[in-house]
Structures are given as structure tokens and as C-alpha cells.
Amino acid sequence: MRSESEVFSELTTLCRSEGYIHALAFISAFNQYVIGSKPYRDTEPDTENPPELTNSEIMVLVGLLFKGPITYDLPPPEVVYGYVTRIYELLDEIHQVGNAQSLNDFELNAPFPTPGMYQKDIFYAGDSAHYFQYCELALKKYEADADWLLKNKNIDLKIGSEICTAIRHLHEKRMKETVFTQMDISAVLQTSLSVFSYSVEDLGFIDTTSKERASSFIEAFTLPSGQKNPGFTSLSTFNIAYKYPIIRKSNTEFIVLSYYSLSQAFYENLFFWMQEDTNYVNLANQNRGNAAESITADLLTRVFSRERVFNNVEIVETKGNRTRGEIDVLVVYGRYVIVAQVKSKRLTMKARRGNLDAIQDDFEKAIHRAARQAMSCGQYIGNPNVKLKSKDGRKIPEIDQSAHVLPMTVVLDPYPGLFFQTQFLLQDQSTERISSPFVTDVFALDTVAEILDSPARFLHYLLQRGSRSQRRHTNQEYELLSLHLKHGLEFGEDITDVFVESDLAGDIDLLMCIRRDGAEGPVPSISVLDQYANTYFGSILRVLEQNGDPSAVDLALVLLEISHSSQAIEGVNRKIEKCVDLVKSGSDHRFCSLGLSELSTGITFMCVSKFDEHSTNILMAICKLRKYQKKLSRWFGIMLSLSGNLESIYEINRPWEEDEELESISKDPRCP
């Protein structure tokens, strides 16, 4: 087997061939038609049904294009097609070389994971953001820097976002109108490059000011004349294509082979421009930190509402006023508290090359410190000897000592390989009251908040996500989120490792594109619960999710625990329907109960013809008895109307203990 450098050398030579840009356009056209986070590529090359490349692989091909003069003459179709075929073969060979090296390291008993495994995951794991998330969040990230950007670069943030979005949609429109109407591959090869060629007028900018600012934006991301990319000599060396993803074809025409990379450059590169201004760099860094916290707070506010989300919270001793810690973003909801620490540290080039010391150092600075800080602050939550003070003066609700703490570490920029590194580098310091930290970036947090847009569902995911009963092997948060929605994240004590396929997240990608980017198509079902939204179970859960009362939150979480099983949901619906029918037939009340020993919890559903004090007393008595009979710690009662709608809830939450009166009632043959 050849080495990676040997294969890369051949790929470099191929990518400098006459008319290579047409082969690259052909590959890019089909690879980018469906957007989303790119999956881990593990399929064999097949030019009839080519594998979906990661954006990293596409940018390798773009970067190699930049190494020599770009020629636009179109070679014969068979030549271009030969380029395409060989490109897929070489990219797959590089992939297999990495696999073989990882296997060899493993057989030699190298420390696990090996540096090669980290490097491979950093390159191939895919992108954590959708292009439209870059466009949207860039506006918030650089909001405080808007004046500097306009004054020094003539860059208008809104126009920059509009350009990225317009190119994406124009690309799709052209694909439909040209490439996908061609039946002959020769015609496709001839038209692919036109899909990526644009003018300022194509993007819809007409007035003079908008055209000037649009031109400034395009020029800022265009490869300078004469610039070649000489330092790009391997997968892990600096690739100038990430800095300049636009090619100038003529005075009026430019080429964007990856609208995704342009959006990413818009989100990431502006910060480096400001680092070059010695008079502004300190303020730019301060704005960056503030933006990271603000974006995180905004995303959590979307789920929990403003009155439950607090920025910049100090933990202060009640005696002496000594500060014990600071929380970037705090969420208080029922008996649950989210402690989020936000960082803006990036993965360095040295770490991307697989240097284990650099990987560990970057992880320590970007993730581990923040995780320890979140865990440390979490230990003070509910402590009567400290008080929580929000710097904006808003009053933080009293928090009980029994509150469950959910630590969270959020990074502002893409952090390749974050999920994989967290699995192996994050030290688990969880306790019964404090979960393992949820480590994520703002893009994955945005997706989780979009999909799980009720507090109970969001908390339920964090609770399951924070359980370390199994090690979950996957590439991105989206795959784990999809697994959670379809099957749950707990698989029994006898299972130690769970391997999640990358294509499991396809429905979430599609749903995000439909909701946020106007993609067409039927809305996919992403959860077992989707098909039960209009049933008794779904209706009860919906009411509980809208209630911030601690008992309602806890009951919603219990129902969500059984929501991954269609059989369990249908069983609850049948029992409730039977009770409703009997009450409609003349009974005063009917009830059914459900014991969940694994949760030490039970539920009684009682339908009544009349909701009053008498019916409430009956429900309380039944709950008390059932809890005793099942020897459980907690029991909920749910009062339902004749139509099956939730009227009230009741909770008993205390350890089980023997009771002579209840024991006597339980033994009575007349006991219900």
C-alpha cells in the first residue's frame, strides 16, 4: 500500500491537469445539491453513484486547483470523465491508507486512540454546521464589530449573509434547470462549471451602494491574482482555499465551487481581519467573548423563555461576599438547572496534523477547563451558604438543594472532531445530582434547540445524553439526537458500546433545511412521538410541556422516558380511552395505573364526570395506595375530563415505608 504522501502527490499532479476545473465542477455540482452536515465517507468510489464527499475533501480538490494556473478550456468528455473517476479512486485510497495506519497502530498496542485516529476523525468527521447557520449566526457573532467592518473593509454583514444565501439558492436553481435536465453525461460535463459562475447582478444587487458592498465582500474572499497555495502539501497543512473560496474568472464573473465554504469563511475569517488592527484587537476579542455568551443565551431562551435564562451569574458567599465562581449562562426550570460555560478557543493547525500533545492542549483550553468550571459551579447550586447574582440585576429564583444540575460547555467556532475527542479526553466527574457535561458547539446547540423546542424535551435529551452507561460512537451530535428521538439512548446494562450510523441524521438534516432554508419536500417524521401528537398521550404531554411547575416538568420527563416505545404509548392510550368511555356511559370516575419500577415512579390516570374536591380526594387516595402497593418512591396522579383533557396533576414524592393502614387496605378483597 502506498503512503498518504505518495497518493497526495499523484492527486496534486492530476488536479493541475488541463481543464481539471471542469471535473471539479462536475464533482462539486452533485456533492452540494443536497445540503446539510456531510456524513463520514465510508463507501467505495462509484462514478455512476458517487459517494458524498465531506466538505474537507471538496476543499482539498479546490486547494489543489489553486496550486497551478487555472485553465478553462474544456477537454474532450472522456478526458474529464477520466479525471473524475481517478479523483474518486485517489480520495478513497487516501481514506484507506488512514484506516490501515490506524489498524497498524492498534495492533502495535499504541495508546488508544492513536494520533492517527484523532487526525482521521478531525478530517473526515464532517461539518457540524449547516451553511445557513453560518449565515445567521455570523450576524450575531459580529454585530458589535459591524461599524469596524463597514469602515475598514466596506463589508456589510447583512449583504454578506444575503450573498451566501443567494449563491446557495442560485446553485440549486441552475442544477434543476441545466444539469438535471441533461440525459447525456457529456452534456453534464460541459454545463457543470456554469452552475458555479456568477456576477454581482446574478445575486440580485441593483442599486449602487449594494453593488459596491457586494463587490467588496466578493473581493475579500477572492483568491488574489498570482497567489498559488504552495504550502498545501498534505491533508493537514494550511489550505488557502478556506481563506479565499472564490475564484476571479473575469472582471465581471467569479466562481464559487463550494457555497458551504464561502459561508464558513464568512463566519470564521472576519475575526482574523480584526486581529491585524492593533488598535482594535482588544475590543474585537472582548466582542467575541460577549457574542459567544449572547448566542448561547439566545439559543437557550428560544427553548426556556427569557425569564428563566440568565447571563453572567456570580456565585457569592452569603457571608463575606466572596465570589466562588461565575456562570456564563444559567437556566432555571423546575427542579433542573443548566450551567453553561462558553469558550471561543479553536483547534490549532498543529492539532489538525495529529500531534497528540497539541490535541490534548487544545482540548484542555477549549473544553476541559470550561467543563471543570461548569461542574465546580454546579456544586454550589442550591447551597444555602451562597447566593446567585445576575449582573443585569434580574432576580434568580430560589433553587432547592435537590435540584439536578446539567453542566454544558459550548464553543463558538467549528471544532473538528469534538464529539470523538470528548469521548476519550473528557474526565467524567458526574455525581448523582450533577450530570456529565454536555459538550457542543453553537451550531449543534442551535439544532437541538430547533428540534427539541419544549423545555421538557430539551431537558430529557440532556439527561439521557449525560448518562454514561454506554459509550456512544458517532461523528456528530445530530446522529445521537436522531437516535434519541427514534430509540432513546439507554440500551440495557449488558451493552457497553453503541455505534451510530451517520445516515441516521438524514431526517434531522432535511427538517432543518425545510424549516430554516425553505427546502421543498414532505416534512419527515423524526420521532416516535410524531405519530401520537393527537392522541390522549400526546395531548397530556403537550399540556405538561407548557407548564413550568416542577411537578409538571417531572411528570413530562417520565412520559418522555416511555415515549420511545410505540407499544407503551398505545397501551396508555387504550387504558385512557377505556376509562373515558366508561365515564361517558354513566360512571362517576374510572382510573388506570402504570408502574415504572425502573424509574421508581408510577402514574394513575383518572377520568371524572365532574372535577371537584371529592374527585381530587379520590385520586389522591388511589395514588397513595398504588404507590404503597408497588413500593415505589414517587407517584403521579393525572385528572382527566370527559374529553380526555388534562385538568390537574398530583404528586407524592417520598421514600416508600411500611404503613399498617395501607397494608390493611391492600389486603382487603374489595380493594380496587
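The values are calculated or read from the model by the stated rules, or taken from the named source; none is laboratory data. Remember, predicted model here, so these are calculated numbers, not experimental data. Neighbour counts run over all protein chains shown; Cβ positions are idealised from the backbone, glycine included. The protein model used for the area step is the full one, side chains on, heavy atoms only, and it has no ligands, DNA or RNA in it. Shrake-Rupley method; radii C 1.70, N 1.55, O 1.52, S 1.80 Å.
The figures follow:
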| read-out | value |
| --- | --- |
| Residues being over 19 Å from G637 (Cα atoms) and open to solvent by less than 20 Å² (accessible area, probe 1.4 Å) - total across the range 529-581 | 2 |
| Residues located in the range 384-427, provided they are aliphatic (A, V, I, L, M), assigned to a loop (DSSP other than H, G, I, E, B) and over 19 Å from the mean Cα position of the chain (by Cα) | I396, I399, A403 |
| Restricting the range 62-83 to residues that are in contact with a strand residue (DSSP E or B) (Cβ under 9 Å, 6 or more places away or on another chain) and part of a loop (DSSP other than H, G, I, E, B), the residue that is modelled with the highest pLDDT | F66 |
| Selection count, the range 272-282, where residues are free of Cβ contacts under 8 Å to residues at least 40 places away in the same chain and not acidic (D, E) | 6 |
| First in the range 199-211 and farther than 16 Å from R248 by Cβ, second anywhere and open to solvent by less than 70 Å² (accessible area, probe 1.4 Å) and among the aliphatic types (A, V, I, L, M), Cβ under 8 Å, 6 or more apart | G204/A166; F205/I159; F205/A214; S210/I159; K211/V200 |
| Set S376, S305, S344, S294: member being in the same structural domain as Y415 (by the TED database) and free of Cβ contacts under 8 Å to residues at least 12 places away in the same chain | S305 |
| Residue match in the range 284-294 (condition: of a type outside the set (V, I, T), in contact with a Gly (Cβ under 8 Å, 6 or more places away or on another chain), farther than 30 Å from Y124 by Cβ and open to solvent by less than 50 Å² (accessible area, probe 1.4 Å)) | no |
| Matching entry among S294, S263 (being out of contact with any Ser or Thr (no Cβ under 6 Å at 6 or more places or on another chain), assigned to a helix (DSSP H, G or I), closer than 30 Å to P550 by Cα and of a type outside the set (V, I, T)) | S294 |
| Hey, V331 open to solvent by less than 30 Å² (accessible area, probe 1.4 Å) and in a strand (DSSP E or B) or not | yes |
| Selection within the range 227-247 - assigned to a loop (DSSP other than H, G, I, E, B), open to solvent by 30 Å² or more (accessible area, probe 1.4 Å) and closer than 26 Å to M175 by Cβ | Y244 |
| Filter pass, S250 being within 30 Å of K389 (Cα to Cα), out of contact with any His (no Cβ under 6 Å at 6 or more places or on another chain) and loosely packed, with under 14 Cβ neighbours inside 10 Å | no |
| In the range 123-168, residue modelled with the highest pLDDT [restricted to those that are among the small types (G, A, S) and assigned to a loop (DSSP other than H, G, I, E, B)] | A129 |
| Count - residues of the range 590-604 that are closer than 12 Å to I562 by Cβ and charged (D, E, K, R) | 1 |
| Hits in the range 461-490 - residues which are modelled with pLDDT under 80, more than 20 Å from T54 (Cβ to Cβ) and loosely packed, with under 15 Cβ neighbours inside 10 Å | S467, R468, S469, R471 |
| Candidates S593, S666, S587 - the one that is in contact with a helix residue (DSSP H, G or I) (Cβ under 7 Å, 6 or more places away or on another chain) and farther than 18 Å from I540 by Cβ | S666 |
| Members of the range 624-662 found to be in a helix (DSSP H, G or I) and either open to solvent by 40 Å² or more (accessible area, probe 1.4 Å) or within 19 Å of V580 (Cβ to Cβ) (or both), listed by number | K624, Q629, K630, E660, E661 |
| Residue ID - surrounded by the fewest Cβ atoms within 10 Å (Cβ to Cβ), chosen from residues in the range 511-523 that are modelled with pLDDT of 90 or more and not hydrophobic (A, V, I, L, M, F, W, C) | R515 |
| Test for I206: is it at pLDDT below 95 and surrounded by fewer than 21 Cβ atoms within 10 Å (Cβ to Cβ) | yes |
| Cβ-Cβ under 7 Å pairs, at least 6 apart or on other chains, the range 11-28 side in contact (Cβ under 8 Å) with a residue 40 or more places away in the chain and polar (S, T, N, Q), far side open to solvent by 10 Å² or more (accessible area, probe 1.4 Å) and assigned to a helix (DSSP H, G or I) | S17/Y83 |
